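I have placed the structure first, in the form of structure tokens, so that the comments after it can refer back to it.
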Amino acid sequence: MMRRGQPQIEVTFDIDANGILNVTAKEKSTGKEINHRIEGSTNISDADITKAKAEAEQFAEDDRKRRELVESKNRLEALVYQMESMMAEQKDKIPDEDKEKVNKLIADAKSITSKEGATKEEIDTEIERIQKEFAELYNKYQAAPAE
């Protein structure tokens with residue numbers, strides 16, 4: 001509760017999309033109003049802004065490459081899982097010679113995924129080679145009727 005004769009001031013703040021703050025103070029009994037505009041100032045030079053944008057673009061490219069590498073590794077790991085599953089499901093039907101081939105493919109895949117500094121291109125090349133060799137074996141044993 002205000003005492004008689006004391007001013008009642010209503011203050012409003014409004015920030016626009018550009019970060020400009022508009023402050024309005026209004027004395028209720030007289031209706032007198034004062035507006036003040038506050039604009040943010042930065043000490044960032046145009047050169048610093050340009051540099052920051054260039055760094056952001058560089059990191060975006062690095063992030064894209066890293067994502068593609070992880071996606072390739074994930075595809076290779078999915079292929080390993082598929083080979084291991086076939087070996088488990090068809091173990092009684094696969095002769096030792098073909099088991100050795102599949103185990104070698106699994107070892108090759110695990111070797112390239114754990115290789116320090118393996119590139120996306122190296123991994124993709126291995127995926128193509130392993131898929132091709134495994135596809136022949138997979139079709140041979142997945143097509144075989146269950147006993």
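Coordinate-derived values only; no laboratory data. These numbers come from a predicted model, not from an experiment. Neighbour counts are summed over all protein chains in view; Cβ atoms, including those assigned to glycine, are modelled from backbone coordinates with ideal geometry.
Principal axis analysis of the Cα atoms in segment 1-130 yields extents of 102, 43, 18 Å, listed in decreasing size. What the phi angles of segment 87-92 give under the Karplus curve with 6.51, -1.76 and 1.60, with θ = phi - 60°, is a coupling list of 4, 6, 6, 10, 4, 6 Hz, glycine and proline written as x. Along its principal axes, segment 4-48 has C-alpha extents of 57, 17, 12 angstrom, given from the largest down.
Applied to segment 133-140, the Karplus parametrisation 6.51 cos²θ - 1.76 cosθ + 1.60 on θ = phi - 60° returns per-residue 3J(HN,Hα) values of 5, 6, 4, 4, 5, 4, 5, 5 Hz, with x for Gly and Pro. Exposed loop sites, defined as trypsin sites (Lys or Arg not before Pro) outside DSSP H, G, I, E and B with at most 16 other Cβ atoms within 10 Å, are absent from the longest region of the chain, namely 33-90.
Across segment 22-38, coupling constants 3J(HN,Hα) worked out from phi with the 6.51/-1.76/1.60 Karplus curve, θ = phi - 60°, read 10, 10, 10, 10, 10, 8, 5, 6, 9, x, 5, 10, 10, 10, 9, 10, 10 Hz, and Gly and Pro carry x.
Straight-distance candidates among the lysines for linking to LYS132, with alpha-carbon spacing under 23 Å and chain neighbours fewer than 8 residues away dropped: LYS73, LYS91, LYS93, LYS99, LYS101, LYS104, LYS110, LYS115, LYS120, LYS140.
Look at the dipole of the chain built from charges on Cβ: of ILE44, THR30, SER85, the Cα furthest out on the positive end belongs to THR30.
With each label modelled as a point 7 angstrom along the Cα→C-beta vector, the SER111-THR12 pair spans 7.4 nm.
Rounded to the nearest 20, the Cβ-based charge dipole of the chain about its Cα centre (Lys and Arg +1, Asp and Glu -1) stands at 1000 debye.
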